[in-house]
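A.B. asks: Structure below; questions to follow.
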């Protein structure tokens, strides 16, 4: 699970072009939106695409994203349970 969290942090930084942030700057339980990392709705769409391309996960209901994208921890848990690509 730790390797998945690290991979996720790296992919989030890469996909969202977060140039001033390193994986070490992102805490596992830190909020990704709002007061935490400060992501917005466009970033959420990019994360949905990331789930599909990298892990084979398609979100049927965009409202799921609110729960899944709370933190790196919640994303990693969801991916571990639902991934279709390794």
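Values in this text are rule-based calculations from the coordinates and carry no lab data. These figures come from a predicted structure and were not determined experimentally.
A.B. asks: For the chain, what is the calculated [θ] at 222 nm in deg cm²/dmol (nearest 500), taking -39500 (n - 2.57) for each run of four or more DSSP H residues and dividing by its residue count?
C.D. replies: On the way: 4 runs with 45 residues, N = 86.
Here the helix-only value at 222 nm equals -16000 deg cm²/dmol.
A.B. asks: Over the chain, one equal point on each Cα, no solvent: what is log10 I(q)/I(0) by the Debye formula at q = 0.15, 0.24, 0.25 Å⁻¹?
C.D. replies: Log10 I(q)/I(0), no solvent term: -0.47, -1.37, -1.51.
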